[in-house]
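Asker: Quick one: this structure, given as structure tokens, is what I'll be asking you about.
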Amino acid sequence: MKKNHEIKLTSYSHGAGCGCKISPQVLDKILKSNLSRPDNKNLLVGNNSKDDAAVYDLGNGTALISTTDFFMPIVDDPFEFGKIASANAISDVYAMGGRPVLAIAILGWPVNVLPAEVAQQVIEGARSICNEAGISLAGGHSIDTPEPIFGLAVNGLVKISSIKQNNTAKAGDVLYLTKKLGVGILTTAEKKGILSTNDKTLAADQMKKLNKIGEPIGEMPSVNAVTDVTGFGLLGHLSEMCEGSNLSAELFYNNIPFLSENLKKYILQKSIPGGTNRNWESYGGKVFINDTLDKEEVKALLADPQTSGGLLISVSPGGQKELEELFKKNGLEDFVQPIGVMKEQASKQICVLNS
């Protein structure tokens with residue numbers, strides 16, 4: 001058995017991070033059901049919408065947020081893997097405008113292939129992020145699996161008046177994004193051995209960051225809709241926002257933040273995750289790309305699966321200044337430029353324009 005420092009976790013799995021997600025098109029088929037749902041007036045948000053978490057009314061003006069997320073390694077270091085998977089899972093609570101309060105771990109481990117000490121480091125990484133979020137990693141469940149898998153089930157609390165959903169955007173809203181894109185491309189380039197030295201830590205450093213700003217955003221009435229951008233890429237999660245809100249959107253391509261100037265170089269070197277094509281097959285027909293833009297480049301960047309991505313926020317024009325001030329107070333000065341607007345429903349769900 002290899003020593004811990006020689007183990008590269010990504011070599012033990014066929015997928016990586018949120019790129020493991022089943023495509024939107026296939027997921028729709030899986031979730032299709034003819035069974036009637038039980039009448040539950042306390043279930044405020046369930047799987048009848050494509051939201052980030054379930055929300056249950058506790059009857060005292062507060063609601064419980066419940067979510068889970070897990071995936072296969074996206075980095076080789078087990079401690080970093082635990083941190084990233086945990087930040088990603090907790091993000092769903094922040095995306096609903098809530099405050100996380102409790103987490104339990106989900107671990108699948110090939111016990112005859114990888115040492116238990118490596119799994120312990122994954123759990124330690126999870127504990128460190130849970131501590132940063134101010135919550136306990138209070139338990140969990142583990143099984144023997146062919147490939148390593150890790151994630152969390154997370155509960156949070158939110159005032160009912162502060163719940164944010166992904167299907168409540170309004171025409172005229174302005175769109176903001178709180179993390180840069182390109183995670184899937186960079187992590188694929190690393191697996192291919194073509195990642196430049198300057199780009200080595202960019203993806204991991206961003207993926208470990210908690211979307212804590214989601215909680216104070218929940219207190220803003222001018223914010224009409226929020227979701228986090230993960231495995232379906234920016235276009236996929238914006239598509240869900242458009243579909244749920246019965247609207248269309250325009251994206252300003254030149255305003256969208258990207259992790260590295262080298263992303264286009266990696267694209268030319270075929271450093272594109274398999275999830276990108278699966279994503280595009282699901283929603284590409286709903287997207288118009290301006291003729292002045294490189295369509296293959298836009299597809300590769302905007303359908304790129306993100307892991308532990310940023311929040312996509314739809315805010316009324318009157319709330320822009322307040323939101324931008326909140327960004328600045330929380331170290332998000334680089335994201336105060338809007339990346340798009342929500343529009344009345346049109347023939348194409350999303351139009352990608354230069355600016």
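Asker: Mind scanning 8/50; 170/264; 208/328 and naming the pairs with a C-alpha gap bigger than 26 Å?
Answerer: 8/50; 170/264
Asker: Let me ask something else about it. Can you give me the accessible area per residue for the chain, using a 1.4 Å probe, in Å²?
Answerer: Ligands and nucleic acids excluded, the figure is 45 Å² per residue.
Asker: Tally up the carbon and sulfur contribution to the accessible surface of segment 229-355 as a whole percent, 1.4 Å probe, everything protein left in place.
Answerer: C and S fraction of accessible area: 46 percent.
Asker: Just name one of 263, 111, 101: the one whose Cα is farthest towards the positive end of the charge dipole of the chain (beta-carbon charges, Lys/Arg +1, Asp/Glu -1).
Answerer: Toward the positive end, the furthest listed residue is 111.
Asker: Now, a different point. What length, rounded to one decimal in nm, is gained on full extension from residue 128 through to residue 286, with 0.36 nm per residue of separation minus their alpha-carbon distance?
Answerer: Between residue 128 and residue 286, full extension yields 52.8 nm more.
Asker: For segment 101-218, give me the percentage of DSSP beta bridges that are antiparallel, rounded to the nearest 5 percent.
Answerer: Once the DSSP bridges in segment 101-218 are tallied, antiparallel ones form about 50 percent.
Asker: Turning to a different aspect of this structure: Report the full-extension gain for the segment residue 198 to residue 347: residue separation times 0.36 nm, less the Cα-Cα distance, to one decimal in nm.
Answerer: 49.5 nm
Asker: Name the residues whose placed amide hydrogens come within less than 5 Å of the amide hydrogen of residue 164, ignoring near sequence neighbours (fewer than 5 apart) on the same chain.
Answerer: Result for residue 164 returns 97.
Asker: Points 7 angstrom from Cα along the Cβ direction at residue 269 and residue 219: gap in nanometres?
Answerer: Spacing of the two 7 Å Cα→Cβ label points: 4.6 nm.
Asker: Then there's this: On average, how much area does the Cα convex hull of the chain cover when viewed from any direction, in nm²?
Answerer: Result: a mean projected hull area of 17.9 nm².
Asker: Hey, can you grab everything whose amide H is under 5 Å from the amide H of residue 157? Only 5+ residues off in sequence or another chain; H modelled, so Pro and N-termini drop out.
Answerer: Under 5 Å from the amide H of residue 157: 65, 99, 101.
Asker: Rounded to the nearest 0.05, what FRET efficiency do residue 191 and residue 321 give with R0 = 35 Å and r taken as the Cβ-Cβ distance? Could you check?
Answerer: So, using R0 = 35 Å, E works out to roughly 0.25.
Asker: Using θ = phi - 60° and the Karplus relation 6.51 cos²θ - 1.76 cosθ + 1.60, list the HN-Hα couplings for segment 168-183 in order, rounded to whole Hz, with x at every Gly or Pro.
Answerer: 10, 5, 10, 4, x, 4, 9, 9, 10, 10, 9, 9, 7, 9, x, 4
Asker: Per residue of segment 134-147, in order, report the coupling 6.51 cos²θ - 1.76 cosθ + 1.60 (Karplus, θ = phi - 60°) as ³J(HN,Hα) in whole Hz, putting x for Gly and Pro.
Answerer: Whole-Hz 3J(HN,Hα) from phi for segment 134-147: x, 10, 9, 8, 9, x, x, 8, 9, 9, 7, 10, x, 10.
Asker: Taking H as built 1.01 Å from N, whose amide H comes closer than 5 Å to the amide H of residue 181, not counting residues under 5 places away?
Answerer: 258, 259
Asker: ³J(HN,Hα) across segment 277-288 via Karplus (A = 6.51, B = -1.76, C = 1.60, θ = phi - 60°), whole Hz, x for Gly/Pro?
Answerer: 5, 4, 4, 5, 4, 7, 9, x, x, 8, 10, 9
Asker: Now for a separate question. Modelled label-to-label distance, residue 254 and residue 40, 7 Å Cα→beta-carbon offset: nm?
Answerer: In this crude spin-label approximation the distance works out to 4.9 nm.
Asker: So if each residue of separation counts as 0.36 nm, and I subtract the Cα-Cα distance between residue 136 and residue 159, what length gain in nm does that give?
Answerer: 6.2 nm
Asker: At R0 = 41 Å, how high is the FRET efficiency between residue 296 and residue 47 if r is their beta carbon distance? Nearest 0.05 is fine.
Answerer: So the FRET efficiency works out to roughly 0.75.
Asker: Further question on the same structure: With a 1.4 Å probe and every protein chain kept in, tell me what percent of the accessible surface of segment 145-219 is carbon plus sulfur.
Answerer: 50 percent
Asker: Then there is this: Taking Cα pairs under 8 Å and at least six residues apart, what relative contact order does segment 234-319 come out at, in percent?
Answerer: Rounded, it is 40 percent for segment 234-319.
The values are calculated or read from the model by the stated rules, or taken from the named source; none is laboratory data. This is a predicted model, so every value here is computed, not measured. Using ideal geometry, Cβ is built from the backbone for each residue, glycine included, and neighbour counts are taken over all protein chains shown. Ligands, DNA and RNA are excluded from the accessible area calculation, which covers all protein heavy atoms including side chains. Shrake-Rupley method; radii C 1.70, N 1.55, O 1.52, S 1.80 Å.
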